1. Reachable aspartates and glutamates from residue 42, Cα under 13 Å, same-chain residues fewer than 8 places away excluded?
2. Helix 396-408 versus the longest principal axis of the chain: what is the Cα-based angle in degrees, 0 to 90, to the nearest 10?
3. Can you flag which of 18/638; 180/209; 614/638; 179/240; 577/607 are past 19 Å Cα-Cα?
4. Just grab the label-to-label distance for residue 667 and residue 190, each label 7 Å out from Cα along the Cβ direction, in nm (one decimal).
5. Per-residue ellipticity at 222 nm for the chain, helices alone: DSSP H runs ≥ 4 residues times -39500 (n - 2.57), over residue total, nearest 500 deg cm²/dmol?
6. Say each of residue 413 and residue 636 gets a label point 7 Å from the Cα, pointing the same way as Cα to Cβ; how far apart are those two points in nm?
7. Can you put 29, 523 in order, fewest other beta carbons within 10 Å first?
8. Choose one of 383, 507, 62: the residue whose Cα lies farthest towards the positive end of the charge dipole of the chain (beta-carbon charges +1 Lys, Arg; -1 Asp, Glu; about the Cα centre).
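Just so it is clear, none of the values below were taken in a lab; they were calculated from the coordinates. For clarity, every value in this text was computed on a predicted model and none was experimentally measured. Every residue, glycine among them, receives a Cβ derived from its backbone with ideal geometry; neighbour counts consider all protein chains shown.
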Amino acid sequence: MRDFVQRVVETLSVDDNKDRVSVVQYSRDPAVQFYLNTYTTKGEILDTVRGLSHKGGRPLNTGAALQYLRDNVFTASAGSRRQEGVPQVLVLLSGGRSFDRVNEPASALKQMGVQIFAIGSRRSDRGELQTISHDPSNALFVSEFTDLPTVQQQLQSSVEAVVTDITPESPTVPVDTVKKDIVFLLDGSDGTRRGFPAMRDFVERAVEKLNVGQNNDRVSVVQYSRDPAVQFYLNTYATKEDIVDSVRGLKHRGGTPLNTGAALQYLRDNVFTASAGSRRQEGVPQVLVLLSGGRSFDRVNEPASALKQMGVQIFAIGSRMSDRGELQTISHDPSNALFVSEFTDLPTVQEQLSSVMGRVLVRATPMTPTVTVERKPTGKDVVFLLDGSEDTRSAFRAIRDFVQRVVEALSVDDNKDRVSVVQYSRDPAVQFYLNTYATKEDIVDSVRGLKHRGGTPLNTGAALQYLRDNVFTASAGSRRQEGVPQVLVLLSGGRSFDRVNEPASALKQMGVQIFAIGSRRSDRGELQTISHDPSNALFVSEFTDLPTVQQQLQSSVEAVVTDITPESPTVPVDTVKKDIVFLLDGSDGTRRGFPAMRDFVERAVEKLNVGQNKDRVSVVQYSRDAEVHFYLNTYATKEDIVDSVRGLKHRGGTPLNTGAALQYLRDNVFTSLCRK
């Protein structure tokens, strides 16, 4: 099979950027060997194909593998040029009958315009491969895979002749030149578990027809059951590819009851807003598409009316379990409520919805801004340290909202102010560093997504020390050595279990201005000691009262003037470029320690001089087998490497085969193919 792939690749036009190639191996789970955009030369592809090793494993889940290709390989981010009109071809070599169902994922690939060719042996299920193939004649068979050369020419002729109808599909309605802000509100309750994949596909098809861009159409998706959860805001993504990739990755949340009214109110307060990317105040039409599979547990009239008064055009789509009258009431006009028997029938109303949406014209009511912020020219590095212990569980939403409001008043977009957020209880956890985000929108989006960590005890002292060593540093984005004021805002809801005097003093000696905000359960003296000045310690009865001290905090922060002592680097900059591979034990025995291992790698990378012609980094995790997270030539910037390291997940597994892992590095990582 490997030799067959090699011979087929030999005939392709890779080097002039006409053809692209990806290889995926699967058994129980699929594993990408390389993506469509991993290699740009035939030589590199052939070298990798020659080095392929058999994975092994069972059962054979062909259906899951096909679904994986749809969601992760035939995507723009993985190098697919489907939306540019480039034909998409899948060649499946399968030696047995699939353990799972193949019809639906194969059909989904065909609907995307993927031409599927299947090759099987005498142990394969002939009918199954013919079903998977775009046409039964595209399924080829050999007695043994050693006979593959006998069908090679037949396959190549068919592939060369392929003509594919590729998305962007021919629009079923004229292209809409009116830019719009469109929010999809999806019922993610227990009642839609079976129908959710069809809802997700419906949203994807609708997005495919839009003219997406920062100055064109914008899209947001919110899922709800008891509470709403924003999947992404109107200003999160600027390209159709990013939106489609995110939609494909949506997971059903589940939960009861179905509070449609609360979800509509949430959209009004948090999504159809300027900070979330809504251009309503600029006169851009606002559209809401609601897909609901049941009757709401709460009242919908008032929040629906409030959205309509804002000028939002509401379209509702329901199933046979929905309340027809309720959805007609929610909709801007009863005729804007559409119904299907099951959500799998959504394609039957897709064109109807597109036609109506294409004609929508909204009279947007400009909203008077509630706050006018006066910004000073001096920039600041602001770190929020949030108490995420058990004592703040019920109050964490108020803490999160407070941080969001303070960030809204900062000058981030012109690179004056920088923001970091750290949450702590027993141990601190960085949510993002001072140099993680460069726009206010990205910061606000991240803050909105913060989850309460929980845990005991509350070690404020250890958290302050962590900030000194890991956050107020040049590698984490601090501009202290450039003379930029350093500000720490601590929100703490209890007394620290450890000592705070020494680490607080160390921060002050660095020139960090510390502001502390506590509730009635906090230790007043402790927070005053931590603060740069006792007057910088503010108190509220409950954290829900934080808005009462917001202006006081902002005024104090704006007025901050800091004497900063430049810190001598503790380590000379290394001028010798290096290729560094981190091999991490990901077996069952390191499950608890893996986060610390990950942090260690991140700190080590922060000290490197990363670049294609400087230091290069690779990370490999192993237990029974080795798995490359990224190669030496995958990333060319420190930021990309750090982002990837932060996202590492523990693999688990036994036994621990260190010898095999070292051999794997020799054969597959410490090679010119992975260093060029």
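1. Straight-distance partners of residue 42: 10, 15, 16, 19.
2. 90 degrees
3. Over 19 Å apart, Cα to Cα: 18/638.
4. If labels sit at residue 667 and residue 190, their model points lie 5.0 nm apart.
5. Numbers: 21 runs with 201 residues, N = 676.
Dividing the helical sum by the residues of the chain leaves -8500 deg cm²/dmol.
6. 2.9 nm
7. Working: 29 12, 523 16.
Exposure proxy ranking, most exposed first: 29, 523.
8. About the Cα centre, the residue reaching furthest to the positive side is 62.
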